[in-house]
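One structure is given here, and the rest of the page talks about it.
Nothing in this text is a laboratory measurement; each read-out follows from the coordinates by a stated rule. Nothing here was measured: the structure is a model prediction, and the numbers come from that model. Ideal geometry is used to build each Cβ from the backbone, glycine not excepted, and the neighbour counts take in all protein chains shown.
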Amino acid sequence: MKLQTKVLLSVIYSSILASFSLILGILEIAGFLGFHTNFAPADIMGGFSLIVASTLILYGAKNTAKLLYDGLSFYLVGLSLLIAIGFLNIIIALADLLDYYILCIGENCPGYAAYVRPEIYIFFLALLGLYPFFARWHFRRKTP
């Protein structure tokens, strides 16, 4: 498969993922402001960071699909931010799990009821958007 086709598929996939994370970020901020949403937790900073990462992806998607450098930088930074946000949520979930079991040493505690945040799923989905960039790539500068 040609590089341009791989990049185009990645841009389409990541744009769909960015649209989903943009909606999720808006729902998280709305939950923080008092609107009840069953899909997203109430988190203003998490919602803001999802909005920033997804707008970077959407901003750079057009020029990245044309294999131009000026779109690639926004696109890769947006994907990297989505991956970092998801990774931080995985670490937070693991720390919460460890804290629960440390406090239950020697006691008869019920099993841990894990709540998986949607950002953890976005972490694994965003990794797929980086696939075409692991090969050799030939982007070009924008010509006037």
#### Entry: Within the chain, longest stretch clear of exposed trypsin sites (Lys or Arg not before Pro) (DSSP loop, no more than 10 other Cβ within 10 Å)
3-135
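If exposed chymotrypsin sites (Phe, Trp or Tyr not before Pro) are those in a DSSP loop with at most 14 other Cβ within 10 Å, what is the longest stretch of the chain that has none? Provide the component values of the computation, followed by the final result.
Working: sites that count: PHE35, PHE39, TYR112, TYR115, TRP137.
With a cap of 14 other Cβ atoms within 10 Å, the longest stretch comes to 40-111.
When a/c is below 1.5 the answer is rounded, else prolate if a/b is larger than b/c, else oblate, so apply that to the stretch 17-101 with a ≥ b ≥ c taken from the square roots of the Cα gyration tensor eigenvalues. Show your work: numbers first, answer last.
Working: a/c = 3.60, a/b = 1.63, b/c = 2.20.
Oblate is the answer for the stretch 17-101, as a/c is 1.5 or above yet b/c matches or exceeds a/b.
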### Query
Whole-Hz Karplus ³J(HN,Hα) for the stretch 70-79, in order, using 6.51 cos²θ - 1.76 cosθ + 1.60 and θ = phi - 60°, x for Gly and Pro?
5, x, 4, 5, 5, 4, 5, 5, x, 5
### Task
Read phi for every residue in the stretch 81-93 and hand back ³J(HN,Hα) as whole Hz from Karplus 6.51 cos²θ - 1.76 cosθ + 1.60, θ = phi - 60°, with x for Gly and Pro.
5, 4, 5, 5, 4, x, 5, 5, 5, 5, 5, 5, 5
